[in-house]
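In what follows, a structure is listed as structure tokens, so that the remarks can point back to it.
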Amino acid sequence: MNTKIGDEILNAINSIKEIKQKNINLHLKTCTNDSNHIRSCNSEDVSDPEYLELLFLASLYDEEIKESD
Amino acid sequence: MNSSLHHKDTYFEEQSFQDLVDLKAEDQKTIAIIQISRMGDVLQTILATKIFKSSFPNTNFIFIGRIQFAKPFEFILKETFNHIYYVNFPKHYWNLNDLTLDKLKSKLKLFLSSIEEHNIDSVVNLTFSKSSSYLATLISSKHKFGLIRNSSNNLLIGGKWSKFVYSNVMTGDFSPFNLVDVFKNILTETIEEQNSNNSHQLKTNNFFQSISNTNINQYKIIVHPFASHSKKFWKSSYWQQLIKMLLEDEHLSIYSFVVVGSLNDKKNYLEFNNFLDNYITNTFSNRLINKIGILDMQELSDEINTSSLFLGHDSMGGHLAAIHKVPTITISIGSVRAHETTPYGENNFNLVPKTTCFPCFPDTPCSNYICHLDVSPELIFYFVHALLSLENLESNEIKTLYSYFTQKIPSTYLKTSNIYQSYFSNNGMQTLSLVNTEIDFRTETLNIFKNFYNILWSFLFNDDDITSPIPEIKCKKIFNELKEYLIGLKYVSDVNSFGEKYSLLLLEEFEIATPNIAVIKEYSKKIQEIDKLALDLKFKYPMLSPLIDYYHVCKGNLKGNNIIQMATSSLLNFKEAKYSVNILKEFIEKTLDRSRKNFYSENNWIIRPEINSTRSES
């Protein structure tokens, strides 16, 4: 991202991702210990609307910039 | 464990919208349509919604579009949509100095909350882009169609027609359907649970018949020589040549030509503008009118509405003409797919190149634009001349037109292009029919398959019974190619049989008192391998990729709230895929049987396939 606001969105996404990463790692540990657990544990949790909003803004930003180019 | 299986297992806990049948009565429904693509898509969405609304007049519609592409059409949007919302974050907005993330988030929250005040029943995302998938997810509604995200950020595609778009329209030139029909069908899926009695057969023809245009100047032709991408429109010297030919032909002296375009077109194509201005001043002041850069969208719409013909490339202009039921001639080059984008309606013509690489993708690198040479100014001139000389187009059957155009257009120009004419088939969907003589060895197999897929998808998705004569092949190369595809279909069928087998074994394992996780993992792995095998087959048999891709996307969106339901859905998906394979196999076998006799007689290879004569019969 090549503008101030673009970087700001990216930073916000990354900081949320960091927190989520910790949660995912914990979750993975649970998975390994639970032999009956057959679900994937490595997908990204986007149930938080705030995070989803940031992802929308980031993708819209990319598309607007690309479109204009 | 098969990755596609466990993805579903996670997200269908939250997203089982297809199973939630709690629809309000049709006349109380509120549908929010997301169309944040470009102007052409906005107009195709408007047309689809207008047709839908003519059958379901009491449905409330909300339109959500990007401000720069939708706002210019607000005067048309207002006719169909009860509420219009603009995603107002254009490029310059992101560069504002005082813009902060908090401001951005507040603006978005306000936007979303205003939309949600309408108590939306269904969100229909017709855009298929990344941002639209997030937007559709963010808007609360009972049902969602088109691209959305699940809570694990995986793509989730609701509805058969949306899966079709994702697997067939986004991937190549295999779709036999106009995008207006596809959008119309996606909209219809929002009400089909309640209206099982052929609700999909919307009153397309009635809708068009209801448009009456009393202000037509029958001698005014609109020329729009631009498009959104340089790949999609001729260099200006071609247009100069064509305009000269049209003006200088004495048989066309009663026609005037109004050239239209945007302010940017005026700035970017100064040489062309100078040509027009000089030519007008010197020779044809009363018959050539340059309105490039001086009309707003409403004025352009009025200008098109009072004309008798629209001539241009694939762009929003043609779709605007379609909304006003003005006949169109489209020159489709570059990345344009005629079947998807021909202006919607009857008797619209589309001229497309036969160049091997046509149609490409917008981002395919290309420096020489060979396909632009195929559809020459001379061809367009002869075609326009022939069409305007035709006394009553609608009374002519396709066979008569075929013979007419081949007499009127020198064969040299026909060799490099295909000319398509649009008509509505008996299920109310637009279809294209070839009207030129030259058989196109490159695209003939593709055209045959497109016709097969038209029948197959119409039947599977809408239960439409489309009849079409069995094509007769007199080209040995195509005959042999079809024979090869029979082998390909057998492989696809075998792969799906294995899928059925392992889905069944999984279900059997689940039924025992203590299922063995290792066995379940083994079977799931097999299913994963089977999915990969199917995808590999499409590289050897490219015409089968629409079928393979469609069921692959279905596989990625299996219904079910637990692993047993998922395995059951997987089994049903493999079964339906096999069923579709058998239908295609039968079509090919019948075609080969019918054509076999041709190879015992003389080498009469060039024919007009009978597939093109369906218009008169339907």
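The values are calculated or read from the model by the stated rules, or taken from the named source; none is laboratory data. It should be emphasised that the depicted structure is a prediction, and the values quoted were computed from it without experimental measurement. Every residue, glycine among them, receives a Cβ derived from its backbone with ideal geometry; neighbour counts consider all protein chains shown.
Restricting to the range B:468-491, and then to whatever is out of contact with any Leu (no Cβ under 7 Å at 6 or more places or on another chain) and closer than 30 Å to B:GLU189 by Cα, can you tell me which residue is surrounded by the most Cβ atoms within 10 Å (Cβ to Cβ)?
Restricting to residues being out of contact with any Leu (no Cβ under 7 Å at 6 or more places or on another chain) and closer than 30 Å to B:GLU189 by Cα, the top hit is B:SER468.
All but one of (1) touching a residue at least 24 places away in the same chain (Cβ under 8 Å); (2) on the phi < 0 side of the Ramachandran plot; (3) not in a loop (DSSP other than H, G, I, E, B) hold for B:LYS109; which doesn't?
(1)
Given the condition surrounded by fewer than 19 Cβ atoms within 10 Å (Cβ to Cβ) and among the β-branched types (Val, Ile, Thr), answer yes or no: does some residue in the range B:458-467 qualify?
Within the range B:458-467 (the criterion being surrounded by fewer than 19 Cβ atoms within 10 Å (Cβ to Cβ) and among the β-branched types (Val, Ile, Thr)), the answer is yes, since at least one residue qualifies.
Mind telling me which of the residues B:ASN454, B:ASN462, B:ASN496 ends up being under 30 Å from B:LYS408 (Cβ atoms) and modelled with pLDDT of 90 or more?
So the residue among B:ASN454, B:ASN462, B:ASN496 that is under 30 Å from B:LYS408 (Cβ atoms) and modelled with pLDDT of 90 or more is B:ASN454.
Among the helices (runs of 4 or more DSSP H) contained in the range B:236-339, which hold 3 or more residues that are of a type in the set (A, V, I, L, M, F, W, C) and free of Cβ contacts under 8 Å to residues at least 60 places away in the same chain? Break it down stepwise before answering.
Numbers: elements: B:236-248, B:263-268, B:270-282, B:297-305, B:316-323.
Those helices (runs of 4 or more DSSP H) span B:270-282.
Considering only the range B:35-49, how many residues are assigned to a helix (DSSP H, G or I) and surrounded by fewer than 20 Cβ atoms within 10 Å (Cβ to Cβ)?
Just the residues of the range B:35-49 that are assigned to a helix (DSSP H, G or I), to begin with: B:39-49.
When the remaining residues are screened for being surrounded by fewer than 20 Cβ atoms within 10 Å (Cβ to Cβ), the result is none.
So the count comes out to 0.
Pairs please, first residue from the range B:131-156 and closer than 11 Å to A:GLU53 by Cα and facing chain A (nearest Cβ under 7 Å), second anywhere and β-branched (Val, Ile, Thr) and outside any loop (DSSP other than H, G, I, E, B), Cβ atoms under 7 Å, 6+ apart in sequence or on different chains.
That search, which allows pairs on different chains as well, returns B:LEU135/B:ILE34; B:THR137/B:ILE148.
Does B:LYS526 fit the bill of being at pLDDT below 95 and under 20 Å from B:GLU576 (Cβ atoms)? Walk me through it before giving the result.
Values: at pLDDT below 95: yes; under 20 Å from B:GLU576 (Cβ atoms): yes.
It is true that B:LYS526 is at pLDDT below 95 and under 20 Å from B:GLU576 (Cβ atoms).
Answer yes or no: is there a residue in the range B:117-128 that is part of a helix (DSSP H, G or I) and modelled with pLDDT under 90. Break it down into steps so the answer makes sense when it comes.
Of all residues in the range B:117-128, those part of a helix (DSSP H, G or I) come to none.
Within the range B:117-128, not a single residue is part of a helix (DSSP H, G or I) and modelled with pLDDT under 90.
May I ask you to verify whether B:SER199 is surrounded by fewer than 20 Cβ atoms within 10 Å (Cβ to Cβ) and at pLDDT 90 or above?
no
Can you pull out every residue in the range B:135-147 that is closer than 20 Å to A:ASP45 by Cα and surrounded by fewer than 24 Cβ atoms within 10 Å (Cβ to Cβ)? Break it down stepwise before answering.
The first filter runs over the range B:135-147 and keeps only residues closer than 20 Å to A:ASP45 by Cα, leaving B:135-140, B:144, B:147.
B:LEU138, B:ILE139, B:SER140 - these are the residues of the range B:135-147 that are closer than 20 Å to A:ASP45 by Cα and surrounded by fewer than 24 Cβ atoms within 10 Å (Cβ to Cβ).
Could you run through the range B:1-50 and say how many residues are at pLDDT below 75 and within 14 Å of chain A (Cβ to nearest Cβ)?
15
Can you work out which of the residues in the range B:281-301 that are crowded, with 17+ Cβ neighbours inside 10 Å and of a type in the set (Val, Ile, Thr) is nearest to B:SER262 (Cα to Cα)?
The residue in question is B:ILE292.
Can you say whether B:LEU270 is farther than 30 Å from B:LEU432 by Cβ and buried (at least 18 other Cβ atoms within 10 Å of the Cβ), as far as the supplied structure shows? It would help to see each step written out before you state the result.
On the way: farther than 30 Å from B:LEU432 by Cβ: yes; buried (at least 18 other Cβ atoms within 10 Å of the Cβ): no.
For B:LEU270, the condition - farther than 30 Å from B:LEU432 by Cβ and buried (at least 18 other Cβ atoms within 10 Å of the Cβ) - is not met.
Is it true that some residue in the range B:107-121 is closer than 30 Å to B:PHE164 by Cα and among the acidic types (Asp, Glu)?
yes
Please state which one of B:ALA32, B:ALA70 is of a type outside the set (Val, Ile, Thr), touching a residue at least 40 places away in the same chain (Cβ under 8 Å) and surrounded by 16 or more Cβ atoms within 10 Å (Cβ to Cβ). Walk me through how you get there before you give the answer.
Details: B:ALA70 fails: touching a residue at least 40 places away in the same chain (Cβ under 8 Å).
Checking each option against the conditions leaves just B:ALA32.
Here are some conditions: (1) farther than 17 Å from B:THR342 by Cα; (2) surrounded by 23 or more Cβ atoms within 10 Å (Cβ to Cβ). B:ILE304 meets all but one. Which one does it not meet?
Just one mismatch for B:ILE304, condition (1).
Does the range B:583-591 include one or more residues that are of a type in the set (Ser, Thr, Tyr), at pLDDT below 95 and over 22 Å from B:SER162 (Cα atoms)? Please lay out each step first, then the result.
In the first step, residues of the range B:583-591 are kept if they are of a type in the set (Ser, Thr, Tyr); the result is B:591.
In the following step, the residues that additionally are at pLDDT below 95 were identified as B:591.
Restricting the remaining residues to those that are over 22 Å from B:SER162 (Cα atoms) gives B:591.
Looking for residues that are of a type in the set (Ser, Thr, Tyr), at pLDDT below 95 and over 22 Å from B:SER162 (Cα atoms), one finds at least one in the range B:583-591, hence yes.
Out of the residues in the range B:73-113 that are under 23 Å from B:THR137 (Cβ atoms), of a type in the set (A, V, I, L, M) and more than 10 Å from chain A (Cβ to nearest Cβ), state the one that is surrounded by the most Cβ atoms within 10 Å (Cβ to Cβ).
Within the range B:73-113, the match that is surrounded by the most Cβ atoms within 10 Å (Cβ to Cβ) is B:ILE84.
Which residues, taken from the range B:114-130, are without any contact (Cβ under 8 Å) to a residue 40 or more places away in the chain and either within 12 Å of chain A (Cβ to nearest Cβ) or not hydroxyl-bearing (Ser, Thr, Tyr) (or both)? Full working, then the answer.
Here is the first cut: in the range B:114-130, the ones without any contact (Cβ under 8 Å) to a residue 40 or more places away in the chain are B:114, B:116-117, B:130.
B:GLU116, B:GLU117, B:LYS130, listed by residue number.
Determine which member of the set B:GLU509, B:GLU500 is part of a helix (DSSP H, G or I) and closer than 30 Å to B:PHE449 by Cβ. Give the steps one after another, and end with the answer.
On the way: B:GLU509 fails: closer than 30 Å to B:PHE449 by Cβ.
None of the other options fit; the residue is B:GLU500.
Where residues in the range B:51-67 are surrounded by fewer than 21 Cβ atoms within 10 Å (Cβ to Cβ) and within 19 Å of B:LEU108 (Cβ to Cβ), which of them is modelled with the lowest pLDDT?
B:ILE67
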